[in-house]
Amino acid sequence: MRSTALYGTLGALALTVMTVVPAGPAGPAGPAGPAGPAVGGPSTAWGRGTGTAAASATTASAATSSAATITTAHDGLPLPLRDARAAVGTAIAAEAAAEAGIDWSRCPASEELPAYAECGKVDVPVDYADPDARKIALTVSRKRATGPASVRQGPLLHNPGGPGADGMGFPLHPTLRGGVWKKLNRAYDFVGYAPRGVGRSAPLRCRGPEHTRRTAARGARAGSAEAEAGAEATAVPRSPRTPSAAFKRELRAQAAAFARACARRYGDTLAHFTTADNARDLDVLRAALHQEKLSFFGTSYGSYLGAVYAALFPGHVRRLVLDGVVDPRPHRIWYGDALAQSSAFQRRWRDFTSWTARRHSVYGLGRTPRSVQRHFDTARAALDHDPAGAADSPGGQGAGLQLLRAALRAGHDQGSWPRLALALAEFSRGDPDALTRIAAPDPRTEAERDNSDSVYSAVQCSEGHWPRRWPRWDRDNTAIGGAAPYQTWETVRADLPCAYWRGVRSRPVDVRTAPGELPPVLLLASTRDAATPYEGAVETWKRLSGSSLVTERGAVTHGVAGGNRCADAHLAVYLLDGRTPGRAAECAARPAPRAAARPGSEDVP
């Protein structure tokens, strides 16, 4: 899950039974508009397409509606017909991909991958119910297995989360991270890919290049409320602990403008960004790799994608690892998950302030969490009123907001705590340099932020249960924000476009498998994960029959693999030998980070 997406900085999380099923009132229809601009490649364009597809209900018995009261899909087709067409369309696309394979070659310079990596493309339909119509090309990357032929087990695909995260960097894991990844690379080709709409896979950009130019021109004009001719409103420059009515109005204007921009550029195509569509893409990738069954590692939102794949294609699963597991209960996708996430991040932030307070002798920020919080709030307010910081920030946003977004790392990874605490300590002593570096603008380009935000909204807003009326958002988040101000209103900022989304929404897949449908599946979770609270892993464990849950007790990190020796040992045994540690297993948390008074000084426990 993209964990408080924050419109292009740090990533809030992250569906059908076999197709896209409307979830209820769709709200106002988006403007008609022209088809979207050509993207991705010569034969790739986002927009409306026509064509025909073979349909055979006899091969799609699994395609059943989860809502008997709904009889038509978003395009007006009866649900059984669209379900059958989507099921058959996936099989047609997979057969074509298996015949075409992947033409592996040197990666383009834009991917910034080393010489050992190979890249290619796989065509997938925009609409699986119409597989002969418009297609897009997904980019894929690979690092070949390093072990002898006798130990090789084929490709291992990875999705790092989001939605909206680019997985093309997976071939870097063995060399940059080493450890269990290097061991697994002996047996597996590490295959990454950019999901539909991400990176070079027919990228979505709802704001578009015009917004990029306006943002660059605005510079220091922070806090403006301008909204040009259907364009996105200027980004809200600050995020107060107690938001005013004016702040909330600006949030709403910004979110509504973004939703309008998406509808104007992409129209009905946005209906084809559900997690179920992404799962179908995975099955086509499996076929293109000439594999009868898929080995897949999904982190955060990628865990939900893997769970949906297991529900839709249980017979195609070979090995499946879900790490940092999203709660898949249909009524929680995605609004309920976002509310739970806000409370969980506040809990993690208190862990950081408590850890810092216990090290008052090192940092001098006070002996209580409240004292540490006061120092943070003072620094945040000072940066918010720094004109230079506002001028350098994306869209003219205050540096205090950038600090808040950077501090989100404290909720993801306890390894970031010493650096943040030290920067706060130096700021309190009159040296702002370290904290200013932490609050530096997002290093990604405006186009990259736009792409990430667009896919995040396209997926989440196209599925699940989002309130359409602002009073519901205001009431729920005001109630949570009173006790959990750390990231609540930034989560709202990221998700609020879904209140104004102009496409028809789908029902989430009911993630559930019967005994014997799946081979053993491995789940990895930490009990104090904020981005994907632990109860999500427990719920998935119950729903995927025969799955095994490895729990890191008391851990602060989001994503367990690659840092806990006990969990990594279970991971290696599972992926290499197919064995799980039984129904459940526990691992002790990795040690708390050590504190340092200054860079290069002696560490303090």
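The values are calculated or read from the model by the stated rules, or taken from the named source; none is laboratory data. Since this is a predicted model, take the numbers as computed values, not measurements. As a convention, Cβ positions derive from the backbone with ideal geometry for all residues, glycine included, and neighbour counts pool all protein chains shown. With ligands, DNA and RNA removed, areas are computed over all heavy atoms of the protein, side chains included. Shrake-Rupley method; radii C 1.70, N 1.55, O 1.52, S 1.80 Å.
Quick look at the values:
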{"quantity": "Mean Cα-pair separation over length for region 452-570, i.e. relative contact order, pairs under 8 Å, 6 or more apart, %", "calculated": "22"}
{"quantity": "Surrounding net charge for residue 348, when Lys and Arg each add one and Asp and Glu each subtract one, Cβ distance under 13 Å", "calculated": "+1"}
{"quantity": "Antiparallel DSSP beta bridges within region 477-605, as percent of all bridges there, nearest 5", "calculated": "15"}
{"quantity": "Region 491-521 and region 445-467: distance between their alpha carbon centers, rounded to Å", "calculated": "14"}
{"quantity": "Charge dipole of region 238-314 about the Cα centre (unit charges at C-beta), most positive-ward option of 309, 262, 294", "calculated": "262"}
{"quantity": "Sulfur and carbon atoms: percent of accessible area, region 408-518 [1.4 Å]", "calculated": "53"}
{"quantity": "Net +/- balance of residues flanking residue 483 in space, Cβ distance below 11 Å, scoring K and R +1, D and E -1", "calculated": "+2"}
{"quantity": "Candidate residues 343, 300: accessible-area rank, largest first, probe 1.4 Å", "calculated": "343, 300"}
{"quantity": "Gyration tensor (alpha-carbon) shape descriptor, region 456-605, a/c threshold 1.5", "calculated": "oblate"}
{"quantity": "Ranked packing of 373-380, 137-144, most packed first, by mean Cβ within 10 Å", "calculated": "137-144, 373-380"}
{"quantity": "List 538, 325, ordered by accessible area with a 1.4 Å probe, largest first", "calculated": "538, 325"}
{"quantity": "Residue 350 accessible area, 1.4 Å probe, all protein chains in place, Å² to nearest 10", "calculated": "120"}
{"quantity": "Computed label-point distance, nm, for sites residue 586 and residue 177 using a 7 Å Cα→Cβ extension", "calculated": "2.6"}
{"quantity": "Net charge, residue 306 excluded, C-beta distance under 11 Å - Lys, Arg +1, Asp, Glu -1", "calculated": "0"}
{"quantity": "Dipole in debye (nearest 20) - region 259-322, about Cα centre, beta carbon charges: Lys, Arg +1; Asp, Glu -1", "calculated": "140"}
